[in-house]
Amino acid sequence: MHGKLLLSGVAVVLGAGYGAAVFAQAKPDVLVKQRQAGMTMIGKYWGPIGGMASGKTPYNAERVARNAPILEVLSKLPWDGFVETTKDVKSKARPEVWSDNAKFKTAADRMQKAVAQLAKVSTGDEATVKSALSEVGKTCGGCHDDFREKSR
């Protein structure tokens, strides 16, 4: 029994190592497209609920309860595509993503935590949900201000 468990553990570790090696070989332009796709999906599910905190969009508890858990998953997707090999690929990522990478990673982490909190309270009372929505908006906006080229 222990032998099978150990063998299974070794297989998982080797598989994870192989997966990491394959991922590390991804072409930079593919990584950029993947992280952009993740951000696009975040926008798809954030857009309908983002304006609720400020009152620009009427509060809709059902939509928040539906979108928040999806956003929690999506909030984890783009970040592993921000690797050094992608810095020369044309995108909206500013050079500060790489020159101040610790700050960038902190901003990404704050966003993920804010989205996780939103998902946690998404079925709660309106005031609590709106407060969580506001925090998510602040984290997204702050990261865009510091690390994303402005649209022309």
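The values are calculated or read from the model by the stated rules, or taken from the named source; none is laboratory data. Everything numeric in this text was worked out from a predicted model, so none of it was measured. Positions of Cβ are backbone-derived with ideal geometry, glycine not excepted, and every protein chain shown enters the neighbour counts.
Observations, loosely collected:
- Of the residues making up the stretch 79-118, those that are touching a residue at least 24 places away in the same chain (Cβ under 8 Å), touching a helix residue (DSSP H, G or I) at 6+ places or on another chain (Cβ under 6 Å) and within 15 Å of T139 (Cα to Cα) are W79, F104, A107, A108, R110, M111, A114, V115, A116, L118.
- S134 passes every criterion in (1) more than 29 Å from P28 (Cβ to Cβ); (2) touching a residue at least 12 places away in the same chain (Cβ under 8 Å); (3) part of a loop (DSSP other than H, G, I, E, B) apart from (3).
- Near pairs, Cβ below 6 angstrom, 6+ apart or cross-chain, from the stretch 18-37 (acidic (D, E)) to any residue that is modelled with pLDDT of 85 or more and surrounded by 11 or more Cβ atoms within 10 Å (Cβ to Cβ): D29/V89
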